[in-house]
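The block underneath contains the structure these notes are about, expressed in structure tokens.
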Amino acid sequence: MIIDCHGHYTTAPAAHTTWREVQQAAFRAGESPPAYPTVSDDEIRESIEGSQLRLMRERGIDLTIFSPRASAMGHHFGDEAVSLAWTRACNDLIARVVKLYPEHFIGACQLPQSVGVPISHAVAELRRCVEELGFVGCNLNPDPSGGHWTSPPLTDASWYPLYEAMVELDVPAMVHVSAVTNPNFHATGSHYLNADTTAFMQLLQADLFKDFPDLRLIVPHGGGAVPYHWGRFRGLTDMLGRPSLDESVMGNVFFDTCVYHQPGVNLLFEVVDVDNILFGSEMVGAVRGIDPRTGHYFDDTRRYVEALSLSPGDREKVYEANARRVYPRLDSALKRRTREEVN
């Protein structure tokens, strides 16, 4: 089985995205937004079958861990009530996709984060999504301010209520920012990669995993700059008097393969242990075009993995086993599916 750990609903029905615009306009006007619109199953099927599902079939991907569109989480906008309403609408839509296509998608949730609001307020939605909707993970935004970094580091105790719930529920988080309002940063070209690198450095500098040895975090987009400057980070652990990366960070942190050229994927696998790499593509996401040098989509990351000289065992880890280990609820869901098929 090939499991894609990084998928977003970037092709959500127009009624969903239009309601978000109406909700934002209502907030600016000091008014209440209208009720969330009716979105039919057929509208969802149309949005999925010609995009994500078609590409999954073409590329031989069996299952995607599917979450709301990251750039649209918009935690910087509005207040706590606005964020919660939008988050629940997004997560409910993911649940409907999973219900329609249970063999191809499983959910990971958006959290209702807001600037200055304690992360403990997001725990109820995490529980709802995991316990009621059957989701297997969440997306955690380390910078809900939208590129201004007003929140404390991920290692600060203010984040601990969420980590406690994640450990209790046995779900990991993908550390993933959302939209950016700082004009110095392009959303996917710099803000996303900056955040990946920043989060990793925060983890290097502190002892979060001593407090939460069972906490698991996925740093997406191939780890940002991390694997490509591995010597710098190893050297910094020495300069800062920190334990080695293997000892202090890499038992709990994982990277995906959302790196959109062969040399980058080659280097990722040369530097990072295969046990810490999960297959991911973020298809129909940040980079959607065709590479003129290869004639293939940039985000067809399976091609890059297939070109590596991996042993069958290592290939199986990257495509399936690592995801099942990092997402135990995914593993349980797949085992239940197998038992049901046998019976």
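Using a 10 Å cut-off on Cβ atoms, rank the peptides 140-149, 240-249, 293-302 from the highest mean neighbour count down.
Most protected by this proxy first, the peptides run 140-149, 293-302, 240-249.
Between the beta carbons of VAL342 and THR181, assuming R0 = 51 Å, the FRET efficiency works out to 0.50 to the nearest 0.05. Across region 300-343, Cα-Cα distances exceeding 15 Å account for 55% of all pairs. Which whole-number percent is the relative contact order of the chain (Cα, under 8 Å, 6+ apart)? Averaging sequence separation for qualifying contacts and normalising by length gives 17 percent for the chain. Model label points for ASN266 and ASP62, set 7 angstrom from Cα along the Cα-to-Cβ axis, are 3.0 nm apart. When you restrict to C-alpha pairs under 8 Å that are six or more residues apart and normalise by the size of region 199-320, the relative contact order lands at 24 percent. Estimated from helical segments only, the mean residue ellipticity of the chain at 222 nm is -12000 deg cm²/dmol, where each DSSP H run of four or more residues counts as -39500 (n - 2.57). The share of C-alpha pairs in region 125-262 whose separation exceeds 26 Å stands at 24 percent.
Directionally averaged projected area (region 183-302, Cα convex hull): 8.4 nm².
For the pair LYS335 and GLU247, what calculated FRET efficiency results from E = 1/(1 + (r/R0)^6), where r is the Cβ-Cβ distance and R0 = 41 Å, to the nearest 0.05? Computed FRET efficiency for GLU247 and LYS335 comes out at 0.80. Cross-link partners for LYS317 among the lysines, with Cα-Cα distance under 23 Å and sequence neighbours closer than 8 places in the same chain left out: LYS335. Taking only alpha carbon atoms, region 169-223 gives an Rg to Rh ratio of 1.04, where Rh is the Kirkwood radius. Across region 16-102 the C-alpha pair distances fall into 10 Å bins from zero in the proportions 14, 44, 27, 12, 2 percent.
How would region 58-211 be classified by its alpha-carbon gyration tensor: rounded, prolate or oblate, with rounded meaning a/c under 1.5 and the a/b versus b/c comparison settling the rest? Verdict is rounded for region 58-211. Full extension of the chain between ALA35 and MET1 gives 8.2 nm of extra length, using 0.36 nm per residue less the Cα-Cα distance.
Remark: the ARG45-MET239 segment gains 64.5 nm on full extension, using 0.36 nm per residue and subtracting the alpha carbon distance. Scanning the chain for DSSP H helices at least 15 Å long along the axis (C-alpha atoms) with a Kyte-Doolittle mean no lower than 0.0 picks out 80-100, 192-205. Here region 106-160 and region 14-65 have alpha carbon centers that stand 21 Å from each other. Could you give me D for the chain, from Stokes-Einstein at 25 °C and 0.890 mPa s, where the hydrodynamic radius is the Kirkwood radius over C-alpha pairs? Units µm² s⁻¹, please. It comes out at roughly 120 µm²/s. Taking a point 7 Å out from the Cα of THR294 in the direction of its Cβ, the residues of region 304-318 whose backbone N falls within less than 14 Å of it are 304-309.
For region 34-173, the solvent-accessible area works out to 38 Å² per residue, with a probe of 1.4 Å and every protein chain left in place. Expressed as a whole percent, the accessible surface of the chain that belongs to carbon and sulfur atoms is 50, based on a 1.4 Å probe.
Spacing of the modelled spin labels on ARG128 and TYR160, each 7 Å from Cα toward Cβ, amounts to 2.7 nm.
Note the full-extension length gain between ASP275 and LEU100 as 0.36 nm times their separation in residues minus their Cα-Cα distance, in nm to one decimal.
Full extension from ASP275 to LEU100 adds 59.8 nm.
The values are calculated or read from the model by the stated rules, or taken from the named source; none is laboratory data. Given the structure is predicted, the values throughout are model-derived calculations rather than measurements. Neighbour counts are summed over all protein chains in view; Cβ atoms, including those assigned to glycine, are modelled from backbone coordinates with ideal geometry. Surface accessibility is based on the protein's heavy atoms, side chains included, excluding ligands, DNA and RNA. Shrake-Rupley method; radii C 1.70, N 1.55, O 1.52, S 1.80 Å.
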